[in-house]
Amino acid sequence: MTKKDLRKAFSKPPTHFHNMVEMTLNNLTEEKEKVKMKKMTLRKGLVFAAITVLALSTTALAAGKLASITSMSNTAYKTFPTAQKISNDIGIEPQLVANFDNGFAFSIGSIATNKDRDEDGNVMREYKSVTLNYTNGNAMVIVTMSGATPNNQDAIAGDKNTYKDIELEYSSHISKSVPDDYIMTEQDKKDVESGKYTFNTGGENITSKKVHVVAWQKDNISYRIMEMGETLDQQGLLNMAYKIIDSE
Amino acid sequence: MDKETFTKKVLESEMTLYRIAKSMTLNEKDCEDVVQNAILKSFQKLDTLKQEQFFKTWLVRILINECYSFKRKSVPTIGYEDYLETEDVKDDFMVTDSLEQMEKKDDYQALYGAIARLKPRVRMAVILYYIEEYSVEEVKDILKIPTGTVKSRLSKGRKELKAFLEKQE
């Protein structure tokens, strides 16, 4: 047994590992702000948004099936940003609302770099998004905007609504947040397959929450407004979406 | 050190980061997580690096702390034998065609298994000295343990590897 033999016991890092290193390095901020990493397991046929993520895929899916999204974000906006500021940061000029009539008000915002990955961990697409958090007491609503186009194949099969000629889609599911070292049980895998649950790693404990989302597109920008919890009902969340559409 | 140099140096150390993290976590996902944490922490603490020429050793030390932190937090939910059955070990070895190469692959698999069976602290000393080719003095500095302890861990590791591999033959 030689040192060379010992080295060969490990061989080369897999592609997925190298991709992770590159993504981590690409997302380092000069300000050295704390960066957060979120990983999500997607349920079959459904792409959903989580706290820091807008994640929908189109053409890149031809190369493989979207299996997970990794998102790295850093706090970028401690005060309410202008559309021009967001345009400078990620190249889209979205419609924005600072305060909603139902009491939700802007608290903090972040920019995320998202990567859609196939089942082998290969990056199929990379894109940026902006997430603005709104709070009302302990409740939180998250609005995510991106220039990435949604994927029809994986479109959310939710309730459709039309407002000012814009089609909005409402959907809901249960999201389980689990620690990074959580190992999925066979039942968990079945629940993901059936669409009963989605899983997010990065939590401190195992928690389950209802997640409901309204998604729409306008002027080549994808919007999603999401609540993790049940402070709002379907119409309450839709009303917030309408307010964004009405804003200039 | 600027971001560009940091990125270049991390990429140069990628193999070392992978081998150390994989040897301690024993699976790809956890390996990625500890390496990612180590990269982020090292970038945040970059101001504490006094001499650039010791960057790799400094980074390795941060990674090892992450590995130990991971070991402390993780609850063993899957045994090593189970791990070998469930983990796709094919990716860890070069694709081979000939019978000789296939036998060689089995040897490396047995060797990997033997390394994985060592106690974590012994395993870390073995990895740093035999695989990453640090000197005993460097291993002493990285692990912050006396020279005698490094030597005894290496001796123990050698004996256990030898015994295990002989049993396999």
query = How about region A:143-174: which of its residues are at pLDDT 85 or above and either on the phi > 0 side of the Ramachandran plot or among the β-branched types (Val, Ile, Thr) (or both)?
reply = A:VAL143, A:THR144, A:THR162, A:LYS164, A:ASP165, A:ILE166
Candidate set: region B:25-35, residues that are at the interface with chain A (Cβ under 9 Å from one of its Cβ atoms) and either in contact (Cβ under 8 Å) with a residue 12 or more places away in the chain or surrounded by fewer than 21 Cβ atoms within 10 Å (Cβ to Cβ) (or both); chosen: the one nearest to B:ASP2 (Cα to Cα) = B:VAL35
message = I want to confirm something. Restricting to region B:36-50 and keeping residues that are assigned to a helix (DSSP H, G or I) and charged (D, E, K, R), which single residue is surrounded by the most Cβ atoms within 10 Å (Cβ to Cβ)?
response = B:LYS41
key: region A:216-248, subset aliphatic (A, V, I, L, M) and touching a helix residue (DSSP H, G or I) at 6+ places or on another chain (Cβ under 9 Å), residue surrounded by the fewest Cβ atoms within 10 Å (Cβ to Cβ)   = A:LEU232
key: Test result for A:ILE86, within 18 Å of the chain's Cα centre (by Cα) and buried (at least 20 other Cβ atoms within 10 Å of the Cβ)   = yes
The one condition in (1) more than 10 Å from chain A (Cβ to nearest Cβ); (2) over 14 Å from the mean Cα position of the chain (by Cα); (3) surrounded by 15 or more Cβ atoms within 10 Å (Cβ to Cβ); (4) not aliphatic (A, V, I, L, M) that B:PHE6 fails to fulfil = (1)
inquiry  = Checking the condition more than 21 Å from A:GLN217 (Cβ to Cβ) and either at pLDDT 70 or above or buried (at least 20 other Cβ atoms within 10 Å of the Cβ) (or both), which residue from A:ASN122, A:ASN74, A:ASN133 passes?
reply    = A:ASN133
remark   = Residue hits (region B:104-119; in contact with a Ser or Thr (Cβ under 9 Å, 6 or more places away or on another chain) and either more than 16 Å from B:LYS162 (Cβ to Cβ) or at pLDDT below 70 (or both)) are B:LYS104, B:LYS105, B:TYR108
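The values are calculated or read from the model by the stated rules, or taken from the named source; none is laboratory data. Everything numeric in this text was worked out from a predicted model, so none of it was measured. Heads up, the Cβs are rebuilt from the backbone with ideal geometry, glycines too, and the neighbour counts pull from every protein chain shown.
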